[in-house]
Amino acid sequence: MKKKLAALVAVIFAVVAVSTVVFAVDQGPETIVIKEVQKKKPPVTFPHRKHQEMFKDCKTCHHKTEEGGQPKACSECHGKVKEAPKFKKAMHKTCRDCHKKEKAAGKNPPTKCKECHKK
Ligand code: HEC
Ligand code: HEC
Ligand code: HEC
Ligand code: HEC
């Protein structure tokens, strides 16, 4: 009886462990150097984790993510799919527009070209 119970508990633990692996969402890199286009301006160093902590909802940026789904790189569509705005436009609309709004609200995110496009 004890053995059977132990086996059952082991099975339950195994199932929980496997489903955690299957359903865990990949958080992506802590910091991302964005250099998809790179024609005129230096790359942009993006503190991804810091933004994840500020905005718990991944869809703040990863707008095409299904409920509870895995967020994908913007570059999977922007710059590739005709219906999606070009990569640079998607970035400026996402990053710069929010920063301008947050600045007006009293925070201090980078809004000038050189503050994002650093060398
Ligand atoms: C809040 C951050 C931010 C600010 C402010 C910003 N950009 Fe960008 N910009 C980006 C990001 C991110 C990309 C994508 C970079 C890449 O993929 O190479 C980008 C891409 C670009 C690109 C295309 C990449 C290339 O090398 O040709 C140009 C040009 C550009 N920005 C110019 C500007 C100018 C000019 C300003 C100021 C008027 C500015 N940006 C302000 C974040 C910013
Ligand atoms: C403030 C905007 C923003 C927020 C919020 C955000 N991300 Fe991201 N994430 C990005 C950008 C920008 C990239 C780089 C995309 C690219 O290079 O095309 C990225 C990349 C990623 C990648 C790597 C994709 C790949 O294939 O390279 C993963 C995974 C990811 N994010 C997961 C998440 C998760 C999970 C959350 C929520 C907990 C989240 N992100 C919140 C902007 C954001
Ligand atoms: C699966 C494809 C796909 C992915 C991944 C994706 N986008 Fe988009 N995005 C689109 C399409 C298509 C549009 C055109 C409008 C629409 O269908 O919503 C768009 C529109 C936009 C717009 C313009 C919205 C407006 O109001 O004009 C922004 C900004 C944007 N995306 C940013 C991002 C960022 C930032 C990421 C990554 C964090 C990202 N997108 C990932 C497909 C995608
Ligand atoms: C929804 C709003 C929002 C979006 C979208 C967003 N940011 Fe930010 N960002 C912020 C806020 C708020 C801060 C913090 C300002 C502060 O600390 O006072 C910040 C800070 C930063 C900083 C400075 C970090 C530091 O430690 O000093 C960088 C660099 C930055 N963002 C880059 C980006 C880039 C690149 C993108 C687009 C891929 C982006 N952000 C998208 C709101 C946003």
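Descriptive notes on the structure:
- Taken as a whole, the condition of being open to solvent by less than 70 Å² (accessible area, probe 1.4 Å), near ligand 2 (Cβ under 9 Å from one of its atoms) and out of contact with any Leu (no Cβ under 7 Å at 6 or more places or on another chain) does not apply to residue 60.
- Between 93, 41, 114, 88, the distinction of being touching a residue at least 40 places away in the same chain (Cβ under 8 Å) and part of a helix (DSSP H, G or I) belongs to 88 only.
- Scanning the range 86-119 for residues that are among the polar types (S, T, N, Q) and open to solvent by less than 80 Å² (accessible area, probe 1.4 Å), we see that the one that is farthest from residue 59 (Cα to Cα) is 111.
- Any chance residue 71 is within 15 Å of ligand 3 (Cβ to nearest atom) and touching a residue at least 40 places away in the same chain (Cβ under 8 Å): yes
- Taking the numbered list (1) hydrophobic (A, V, I, L, M, F, W, C); (2) under 13 Å from the mean Cα position of the chain (by Cα); (3) modelled with pLDDT of 95 or more in turn, residue 87 passes all entries but (2).
- Extreme residue, nearest to ligand 3 (Cβ to nearest atom), among residues of the range 27-57 that are closer than 15 Å to residue 74 by Cβ and open to solvent by 90 Å² or more (accessible area, probe 1.4 Å): 36
- Evaluating residue 108 against the criteria (1) more than 9 Å from ligand 1 (Cβ to nearest atom); (2) outside any loop (DSSP other than H, G, I, E, B) leaves one unmet condition, (2).
- Subset of the range 66-76 that is of a type outside the set (Gly, Ala, Ser) and under 10 Å from the mean Cα position of the chain (by Cα) - its residue that is farthest from ligand 1 (Cβ to nearest atom): 70
- Residue satisfying all of: in the range 22-39; of a type in the set (D, E, K, R) and modelled with pLDDT of 95 or more; nearest to residue 80 (Cα to Cα) among these: 36
- Look at (1) farther than 25 Å from residue 26 by Cα; (2) of a type in the set (Lys, Arg); (3) within 18 Å of the chain's Cα centre (by Cα) and you find that residue 93 fails only one, number (1).
- Residues in the range 96-105 that are away from ligand 3 (no atom under 15 Å from the Cβ) and either touching a His at 6+ places or on another chain (Cβ under 6 Å) or assigned to a helix (DSSP H, G or I) (or both): 102, 103, 104.
The values are calculated or read from the model by the stated rules, or taken from the named source; none is laboratory data. Since this is a predicted model, take the numbers as computed values, not measurements. Don't worry about glycine lacking a Cβ; one is built from the backbone with ideal geometry, like all the others, and counts go over all protein chains shown. Protein only, heavy atoms only, side chains kept; ligands, DNA and RNA dropped before computing areas. Shrake-Rupley method; radii C 1.70, N 1.55, O 1.52, S 1.80 Å.
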